[in-house]
Amino acid sequence: MKLHLAHDHDWDVSTEKARAIQERLAAEVRSEGVTAGAVETVAGVDVSIRDDFAQAAVCVLSLPDLDPVDRAIHRQEIPFPYVPGLLSFRETPPVMQALEQLEVRPDVLMTDSHGLAHPRRFGFACHLGVLLDRPALGVAKSILVGDPAGDLDSEKGSRIPLVDRSTDAGETIGAVVRTRTDVNPVYVSVGHRISLDEAVALTLRCSPRYKIPEPTRHAHRLSRE
DNA sequence: GCGACAG
DNA sequence: ATCTTGTCGC
């Protein structure tokens, strides 16, 4: 896919400068734009780390079937160390290179990270979305900042707000979502050009199925031998 | 000062 | 994230 960068900046920066960049770009995040029901393709984005290399993988799935329609990977040396709150500086560079290889332009980008549920309201999901000016959301497996507002029902589909009390009036920065009964909840937050409700709806639409992409089945079979 | 800390 | 052992469920 053709990458039209709405914003750009240096990547070889200090942690202080990185935080400053996040604070500057956080003002560009938009919490509205996409309608989950109209989304036809979603790109799942993830990065694996081994030694000094980062490998980004992107798989575009169709909705509502979740059939893989395009994919790409890119491996490169880790550009930035892992620092809580600065994850995007390690993951964005390799992911951009993988996205550029796609032939199908996904309607939404889904990342394994937080978006607004971040100390400076600018997690990886926001970073990716704002630089590309594309819809994006974050789906994390654990909390970086904030607290669940109450107790989440064990029933699939239940959701409660994720709020940040450390600030003024305790703002809602995301949602705690149960995608399946008897599984740990995921933490969904806005990345860019999508509302929290649409982000939650999309997360649910993308989770209750078991269709496994061919490459993954192969890798799984090999790994247990 | 101490604890927390996406992946 | 990655590593590694044991256990539970379909």
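Structure summary
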item: Selected residue (criterion: farthest from A:Gly191 (Cα to Cα)) from residues of segment A:3-42 that are in contact with a Pro (Cβ under 7 Å, 6 or more places away or on another chain) and of a type outside the set (S, T, N, Q); result: A:Trp11
item: Residue match in segment A:63-73 (condition: closer than 16 Å to A:Val200 by Cα, crowded, with 24+ Cβ neighbours inside 10 Å and either more than 13 Å from DNA strand C (Cβ to nearest atom) or without any contact (Cβ under 8 Å) to a residue 12 or more places away in the chain (or both)); result: no
item: A:Val108 vs. criteria within 22 Å of A:Leu61 (Cα to Cα), away from DNA strand B (no atom under 16 Å from the Cβ) and buried (at least 21 other Cβ atoms within 10 Å of the Cβ); result: yes
item: Odd one out for A:Leu61 among (1) within 16 Å of DNA strand B (Cβ to nearest atom); (2) modelled with pLDDT of 95 or more; result: (1)
item: Any hit, segment A:129-149, residues being more than 14 Å from DNA strand C (Cβ to nearest atom), assigned to a helix (DSSP H, G or I) and in contact with a strand residue (DSSP E or B) (Cβ under 6 Å, 6 or more places away or on another chain); result: yes
item: Residue within segment A:80-103 that is within 16 Å of DNA strand C (Cβ to nearest atom), polar (S, T, N, Q) and surrounded by 17 or more Cβ atoms within 10 Å (Cβ to Cβ) present; result: yes
item: Counted residues, segment A:44-69 - those being within 20 Å of A:Ala125 (Cβ to Cβ), assigned to a strand (DSSP E or B) and of a type outside the set (Gly, Ala, Ser); result: 9
item: Search result, residues across segment A:34-58 that are more than 16 Å from DNA strand B (Cβ to nearest atom), surrounded by 20 or more Cβ atoms within 10 Å (Cβ to Cβ) and modelled with pLDDT of 95 or more; result: A:Val39, A:Val42
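The values are calculated or read from the model by the stated rules, or taken from the named source; none is laboratory data. Computed from a predicted model, the values in this text were never measured in an experiment. Reconstructed Cβ throughout: ideal geometry from the backbone, glycine too, with neighbour counts over all protein chains shown.
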